[in-house]
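First up is the structure itself, then whatever we jot down about it.
The values are calculated or read from the model by the stated rules, or taken from the named source; none is laboratory data. Quick caveat, the model's predicted, so the values are computed rather than measured. As a convention, Cβ positions derive from the backbone with ideal geometry for all residues, glycine included, and neighbour counts pool all protein chains shown.
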Amino acid sequence: MQIEDLEVVLKISELGSITAAATHLDMQSATASAALKRVEAALGAELFIRSTRQLRVSSAGERFLPLCAQSLEQWQHAKQAVTKDNETISGEMRIAVSSDLGRNVIAPWLDAFMAEHPGITLRMHLSDSNIDFYRDAMDMALRYGAPNDASLYGFKICNVPRLLCASPEYLTKHPKPQHPNDLMQHNALFYQLRDILNDAWDFQDEQRRYKIKPKANRAANDGDMVRRWCVAGHGIAMKSALDVADDILSGRLMSLLPDYTVPCGELWLICPSRQSITPSMRLLRDALRKNTQQSLQRLVEAGILPQSLVERTET
């Protein structure tokens, strides 16, 4: 049982919901639930009585929670007395980022962040493969998709719409698709993560869902390579709106099939544990949320994305 587990339990008590507590604390519900189970296992008693519709404090919880809150308050005072001098935004920041997002989108944002906080030094790991925090000695990873390991901790940065796109050069040689089924007559550019080839694209309109598997003469395990092929006119690609925002706004790429929706993704800043969170990491999280919001909002203003797909993530 850890101090952070007790903070989760108190937040569950305050909000009356594991899901609400997880949302407030920027963690997944499974992580909050695991923290509660660890505390209850250590105490040998259930702190909450759960049902399908509600959660209420048990008699053991009524005795434990007030004392727990007092103890945590004293702990915070003691911690602040010791760590006050460590709140300076400085030191090495080791971050892993996917290739296309890191090289073409995040790098300028990190430059601006370091200019604002000159005490920061940077180690940037560019790869589309998931990292092992301990083997690769990284502090954090910026990744598409929520962490699937309950031992990890993450901050959701934003929802990320995905766009089907092609270059004007490609579209001068091939008819512009008007329906998902038209993609069967086009050349696709596929992305492959490890041994999984993303060779099927999903679309939805008001009537039905379409799952399309077009032919492709190129695939890469590097998202930046797929984007470059697309800009060069070699075919049609499905890309994160963040990755291709500048290409679309500059006219290097065009968004296709605007009347059909595509499943949205999520961007997360992930770290090994809550204990590894630093003041600089929290500031970077806030900067990333601001920058991604601004980038996606530009696509809304250009008529590429609907406002409903660009939701602000609370800090």
Quickly run through region 129-160 and pick out the residues that are touching a residue at least 24 places away in the same chain (Cβ under 8 Å) and among the polar types (S, T, N, Q).
Ser129, Ser151, Asn159
Check whether at least one residue in region 304-311 is in contact with a Pro (Cβ under 6 Å, 6 or more places away or on another chain), in a loop (DSSP other than H, G, I, E, B) and touching a residue at least 24 places away in the same chain (Cβ under 8 Å), and report yes or no.
yes
Testing Asp286 on (1) surrounded by 17 or more Cβ atoms within 10 Å (Cβ to Cβ); (2) not assigned by TED's automatic domain parsing to the domain that holds Ala200; (3) not basic (Lys, Arg), one condition comes back false. Which one is that?
(1)
Flag if Lys176 is surrounded by 13 or more Cβ atoms within 10 Å (Cβ to Cβ), among the charged types (D, E, K, R) and part of a strand (DSSP E or B)
no
Could you tell me whether region 220-229 includes any residue that is over 20 Å from the mean Cα position of the chain (by Cα), of a type outside the set (Ser, Thr, Tyr) and either assigned to a strand (DSSP E or B) or modelled with pLDDT under 95 (or both)?
yes
Scan region 278-290 for residues that are assigned to a helix (DSSP H, G or I) and touching a strand residue (DSSP E or B) at 6+ places or on another chain (Cβ under 9 Å) and jot them down.
Ser280, Met281, Arg282, Leu284, Arg285, Leu288, Arg289
The listed residue being free of Cβ contacts under 8 Å to residues at least 40 places away in the same chain and either outside the structural domain of Arg143 (by TED's automatic domain parsing) or polar (S, T, N, Q) (or both), out of Asn221, Asn181, Asn187, Asn198:
Asn181
Going by the conditions given, is Arg194 crowded, with 20+ Cβ neighbours inside 10 Å, more than 17 Å from His234 (Cα to Cα) and charged (D, E, K, R)?
no
Restricting attention to region 115-129, does a residue exist that is among the polar types (S, T, N, Q), under 20 Å from Met238 (Cβ atoms) and not assigned by TED's automatic domain parsing to the domain that holds Trp201?
yes
Going through Asp132, Asp149, Asp136, Asp128 one at a time, which residue ends up being in contact with a His (Cβ under 8 Å, 6 or more places away or on another chain) and closer than 30 Å to Ala34 by Cβ?
Asp136
Could you please find all residues in region 242-277 being surrounded by 17 or more Cβ atoms within 10 Å (Cβ to Cβ), in a loop (DSSP other than H, G, I, E, B) and at pLDDT below 90?
Pro272, Ile277
